[in-house]
Each structure stands twice: as structure tokens, then as C-alpha cells.
Amino acid sequence: MGYMHVPQDVASLIAATDIGPYGLIALLALFYIVLGLFLDGISIVVMSLPITLPPIIAMGFDPIWFGVFLVLMVELGQMTPPVGFNLFVIQGLTGVPIGRVARAAFPFFLLMAFGVAVITIWPQIVLWLPSALFD
């Protein structure tokens, strides 16, 4: 992807659309939830990070904050059926049907989505400790 300049082209495309920083975050959140429908977490990170990091940096977001955002979004994706790995783990441990596990996990999905919204609105929550350690 680097040889074909895909990350740079995506960053240029996003800059040309004038989507704005919070629009980009909303688009990426939706993107990661959709990816979580079909892929496991490490595959999502390995395949998407080279494409999504350059636009994030170009929009002025902190890469450390984006790392925390990415982990939370991957975990949200792991809670979505049909491939939601976390749902299969719970189903394997309890023996409860996957549909019931998915319904029971939905309130936790909403709580994590709320947490993502909180760290997006107030990124200082994520950046306080790194700034205290390295400044």
C-alpha cells in the first residue's frame, strides 16, 4: 500500500472533501464497527492503520489518542455479530445461544460507544498521563 501511495491518496481525498475533524472521527468509528462485523481485531489494526493514521495526523489529532480510540473501536467491533470474537468467547464459556449473548452484550456496546464519545469530546482524558510522564 505504501508503494502504491494509498495512505497519502486517502489523506488527500479526505482533505479535499472538507469533512472536518469530528466528521472524520465519526466516519472512522462507523468504518471500524463495520470492519468488526467481518474481521478479528488484529486484522483490523494491521490492515487499516496505514490508511487511517495519515489523515488523523493531518487533521491534527494526537497519535496516542488515536491509538486509544482505535483499541476501543476494535473492541466495539469485536462485540458485533456475526463474527464478534468476544461474543463467541462468552458463548463458548456459558453455552448460551449466540443471539442471546449478543442481546445481553448490547448495553455494554452502548456504554463503550459512550466512552468513545467522551474521549473524543475531551481528549485530555486520554492524554493526561502521557503528558504527565513525558513533559
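The values are calculated or read from the model by the stated rules, or taken from the named source; none is laboratory data. Source: prediction; values computed, not measured. Because the Cβ atoms are built from the backbone with ideal geometry, glycine has one as well, and the counts that use them run over all protein chains shown. Keep in mind that these areas ignore ligands, DNA and RNA; they rest on the heavy atoms of the full protein, side chains included. Shrake-Rupley method; radii C 1.70, N 1.55, O 1.52, S 1.80 Å.
I'd like to know if the range 107-114 contains one or more residues that are open to solvent by less than 30 Å² (accessible area, probe 1.4 Å) and modelled with pLDDT under 95. Checking the range 107-114: not a single residue is open to solvent by less than 30 Å² (accessible area, probe 1.4 Å) and modelled with pLDDT under 95.
Looking at the range 33-54, can you tell me whether even one residue there is over 15 Å from the mean Cα position of the chain (by Cα), farther than 30 Å from F134 by Cα and free of Cβ contacts under 8 Å to residues at least 40 places away in the same chain? Within the range 33-54, none of the residues are over 15 Å from the mean Cα position of the chain (by Cα), farther than 30 Å from F134 by Cα and free of Cβ contacts under 8 Å to residues at least 40 places away in the same chain. Checking every residue in the range 77-89 against the condition of being open to solvent by less than 60 Å² (accessible area, probe 1.4 Å), within 27 Å of V6 (Cα to Cα) and of a type outside the set (A, V, I, L, M, F, W, C) gives at least one match.
Filter the range 19-32 for residues that are within 26 Å of A102 (Cα to Cα) and touching a residue at least 24 places away in the same chain (Cβ under 8 Å); which is farthest from the chain's Cα centre (by Cα)? Step through it out loud before you land on a result.
Keep residues of the range 19-32 that are within 26 Å of A102 (Cα to Cα), which gives 25-32.
Now narrow it down to the ones that are touching a residue at least 24 places away in the same chain (Cβ under 8 Å): 25, 28-29, 32.
Details: I25: 9, L28: 7, A29: 5, Y32: 5 Å.
It comes out as I25.
Is at least one residue of the range 43-52 small (G, A, S) and open to solvent by less than 60 Å² (accessible area, probe 1.4 Å)? Checked the range 43-52: at least one residue is small (G, A, S) and open to solvent by less than 60 Å² (accessible area, probe 1.4 Å).
The residues of the range 4-18 that are more than 18 Å from the chain's Cα centre (by Cα) and either at pLDDT 75 or above or open to solvent by less than 40 Å² (accessible area, probe 1.4 Å) (or both), listed by number, are M4, H5, V6, D9, S12, L13, A16, T17, D18.
Every listed requirement among (1) touching a residue at least 24 places away in the same chain (Cβ under 8 Å); (2) loosely packed, with under 15 Cβ neighbours inside 10 Å is met by A117 save one, (1).
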